[in-house]
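Please read the structure below before turning to the comments.
The values are calculated or read from the model by the stated rules, or taken from the named source; none is laboratory data. Here the structure is a predicted model, which means the values were calculated and not measured. Note: ideal-geometry Cβ built from the backbone for every residue, glycine included; neighbour counts use all protein chains shown. Note: areas computed on protein heavy atoms with side chains; ligands, DNA, RNA excluded. Shrake-Rupley method; radii C 1.70, N 1.55, O 1.52, S 1.80 Å.
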Amino acid sequence: MKTIVTGGAGFLGSHLCDLLLARDHEVICVDNLITGNERNISHIGSDRFKFIKHDISKPLYIKGKVDFIYHLASPASPIDYQEFPIQTLKVGALGTHNMLGLAKEKNARFFLASTSEIYGDPLVNPQPEEYWGNVNPIGPRGVYDEAKRFAEAITMAYNRYHRVDTRIIRIFNTYGPRMCPNDGRVVPNFIGQALRGEDITVYGDGSQTRSFCYVSDEVEGIYRLMMSDYTLPMNIGNPEEHTILEFAKIIVRITGTRSKIAFQNLPVDDPKQRRPDITKARNILGWEPKVSLEHGLKETIKYFKCMVE
Ligand SMILES: NC(=O)c1ccc[n+]([C@@H]2O[C@H](COP(=O)([O-])OP(=O)(O)OC[C@H]3O[C@@H](n4cnc5c(N)ncnc54)[C@H](O)[C@@H]3O)[C@@H](O)[C@H]2O)c1
């Protein structure tokens, strides 16, 4: 089974490459390293693995058959997509178009990594897949949210009009080892600050909620969705909801840091709540998260400690 993973040198993509290799796939990882790092795949010694450094917003030619394309390439953290707004829009639009074209040519099954961000600042909680979202198209987060909304639309168009076999996942906040320590996402942010003994910065009063899924659970959900027959978007994430303040306190407790919690202004368009409705994933894939927040955080803290040392 020849499988392409775009964004395979990133956080989620590298864990997906590990899982696919463990399940006997031949993996071609395509990444331009704009936010990823070769360090994330340097442990892979398999002769079924190949890395191609390439910007998929430009056409990609691959010889021979391809069975599956997992399209994960995109800056994903608010710091990254605000630093690379045009590249984010291009990879969501041109990159997705290129990968769908490749899937069509090769008769391969195509998988889009979409996001809970397509729900914007949601007016319903938890968010089912039927919810259309509340997105500000011209705000600072719009470059990412709208790129992913376009990516979903073109994926469904290729499915309906070109009969390409497609899957769409809406990933909710995922964390774990190999996250970039300074990408501004809440988990690396809080852990980094705690390990350095700095103030832990909570935006607003910390009452906004998030739900965090451990990476091994997320990639299992990705794989199961790809192997299923379900072609409409599906939420994969952890429905256990925590306020950001609660979450900061858990990290203080687990790391044993002396850091204090400091409050700062809420960024523009920061969603107030985020929690997936995973009824479809449970019923159709038999999937639900297994790793507890406590265990997942301990593993992640271990990784960040090694990076600091
Ligand atoms: N981690 C999460 O919590 C989360 C949540 C929702 C959605 N997602 C989606 O999952 C995917 C992976 O996210 P991640 O957290 O691993 O981020 P990441 O930044 O670690 O990985 C993204 C990878 O894509 C690569 N990339 C970006 N543009 C590219 C291009 N034009 N050509 C080739 N490679 C390119 C980057 O170099 C990087 O290696 C993204 O599509 C993201 O939108 C992630």
Practice task
Go through (1) touching a Gly at 6+ places or on another chain (Cβ under 6 Å); (2) among the β-branched types (V, I, T); (3) open to solvent by 40 Å² or more (accessible area, probe 1.4 Å) one by one and return the number of the condition T279 breaks.
Solution key: (1)
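Can you name the residue in segment 118-128 that is open to solvent by less than 20 Å² (accessible area, probe 1.4 Å) and of a type outside the set (G, A, S) and is also farthest from the ligand (Cβ to nearest atom) among such residues?
P122
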Exercise for the section: Inspect all residues belonging to segment 207-222 and state whether any of them is more than 22 Å from P271 (Cα to Cα) and over 14 Å from the mean Cα position of the chain (by Cα). Expected result: no
Problem - helices (runs of 4 or more DSSP H) within segment 1-116 that include 1 or more residues farther than 17 Å from C180 by Cβ and within 15 Å of the ligand (Cβ to nearest atom) - result: 11-22, 85-90, 96-106
Handout entry: Tally, over segment 35-77, of residues that are under 29 Å from N189 (Cα atoms) and small (G, A, S)
Key = 6
Practice task
Among the candidates Y175, Y131, single out the residue that is touching a residue at least 12 places away in the same chain (Cβ under 8 Å) and buried (at least 21 other Cβ atoms within 10 Å of the Cβ).
Solution key: Y175
Problem - In segment 134-171, the residues that are within 14 Å of the ligand (Cβ to nearest atom) and either modelled with pLDDT under 95 or assigned to a helix (DSSP H, G or I) (or both) - result: R141, V143, Y144, D145, E146, A147, K148, R149, F150, A151, E152, T155
Handout entry: Failed condition for A194, given (1) among the small types (G, A, S); (2) on the phi < 0 side of the Ramachandran plot; (3) open to solvent by 10 Å² or more (accessible area, probe 1.4 Å)
Key = (3)
Problem - Test: residue in segment 243-255 that is within 21 Å of the chain's Cα centre (by Cα) and part of a loop (DSSP other than H, G, I, E, B) - result: no
Exercise for the section: Could you tell me whether K280 is under 17 Å from W132 (Cα atoms), among the basic types (K, R) and outside the structural domain of G221 (by TED's automatic domain parsing)? Expected result: yes
Completion exercise
Across (1) within 15 Å of the ligand (Cβ to nearest atom); (2) over 30 Å from S57 (Cβ atoms); (3) at pLDDT 95 or above, S211 clears everything bar (3)
Exercise for the section: Scan segment 212-261 for residues that are over 29 Å from G133 (Cβ atoms), touching a residue at least 24 places away in the same chain (Cβ under 8 Å) and of a type in the set (K, R) and jot them down. Expected result: R258, K260
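Taking the condition at pLDDT 95 or above and surrounded by fewer than 19 Cβ atoms within 10 Å (Cβ to Cβ), does M234 pass?
Taking the combined requirement at face value, the residue does not satisfy it.
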Handout entry: Residue among D145, D183 that is touching an Asp or Glu at 6+ places or on another chain (Cβ under 7 Å) and assigned by TED's automatic domain parsing to the domain that holds Y203
Key = D183
